[in-house]
Amino acid sequence: QVQLVESGGGLVQAGGSLRLSCVVSGSIFSINTMGWYRQVPGKQREMVATITHDGSTTYADSVKGRFTISRDNAEKAIYLQMNTLKPEDVALYYCYAFIVRRAWAGGMDYWGKGTLVTVSS
């Protein structure tokens with residue numbers, strides 16, 4: 001069974017930093033794009049940052065210059081370094097991965113259960 005497990009969320013003061021981690025476990029063939037999304041109650045889940053297998057990144061405009069996504073393919077992990085956190089960054093942060101479980105098979109989306117980031121003003 002494939003699982004994505006996030007860690008690193010917590011409470012931080014505005015202007016502070018947090019580093020989120022996500023590790024993929026289980027039997028897989030390959031991982032394509034991975035990323036971080038976030039959601040607050042009553043709103044749609046939104047993309048924060050994504051990274052392809054070869055390291056190409058995309059960021060939401062709201063986090064450009066403050067957040068950095070990185071990836072360790074050997075460890076099947078991604079990270080999100082979040083600096084200069086703002087109260088509007090408060091959300092449940094989800095890890096995402098497009099995973100192919102077996103060679104010659106199609107891939108599918110996988111999600112973690114989320115880690116909560118709280119920023120106090």
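Figure note: THR58, THR33 ranked by solvent-accessible area, largest first, 1.4 Å probe, ligands and nucleic acids not counted: THR58, THR33.
Take every Cα pair under 8 Å whose residues are at least 6 apart in sequence, average their separation, divide by the length of the chain, and the relative contact order is 36 percent.
For every other residue with a beta carbon closer than 12 angstrom to the beta carbon of GLY15, add +1 if it is Lys or Arg and -1 if Asp or Glu, then tell me the sum.
Working: positive: ARG66, LYS86; negative: ASP89.
Here the charged neighbours net out to +1.
Solvent-accessible area per residue in the chain equals 55 Å², computed with a 1.4 angstrom probe and all protein chains kept. Shape call for the chain from the C-alpha gyration tensor, a ≥ b ≥ c root eigenvalues: rounded (a/c under 1.5), prolate (a/b greater than b/c) or oblate? Verdict is prolate for the chain. The chymotrypsin sites (Phe, Trp or Tyr not before Pro) of segment 11-62 that meet both conditions, a loop assignment by DSSP and at most 14 other Cβ atoms within 10 Å of the site Cβ, are PHE29. In straight-distance terms, cross-link reach from LYS113 covers every one of the aspartates and glutamates whose alpha-carbon lies under 13 Å from its own, apart from those fewer than eight places away in the same chain; here that gives GLU6.
As a fraction of the 1.4 Å probe accessible area of the chain, surface on carbon and sulfur atoms comes out at 50 percent.
The values are calculated or read from the model by the stated rules, or taken from the named source; none is laboratory data. All values derive from a computational prediction rather than experimental measurement. A quick note on method: Cβ atoms are made from the backbone with ideal geometry, for glycine too, and the neighbour counts reach across all protein chains shown. Just so you know, the surface numbers come from the protein's heavy atoms only, side chains and all, with ligands and any DNA or RNA stripped out. Shrake-Rupley method; radii C 1.70, N 1.55, O 1.52, S 1.80 Å.
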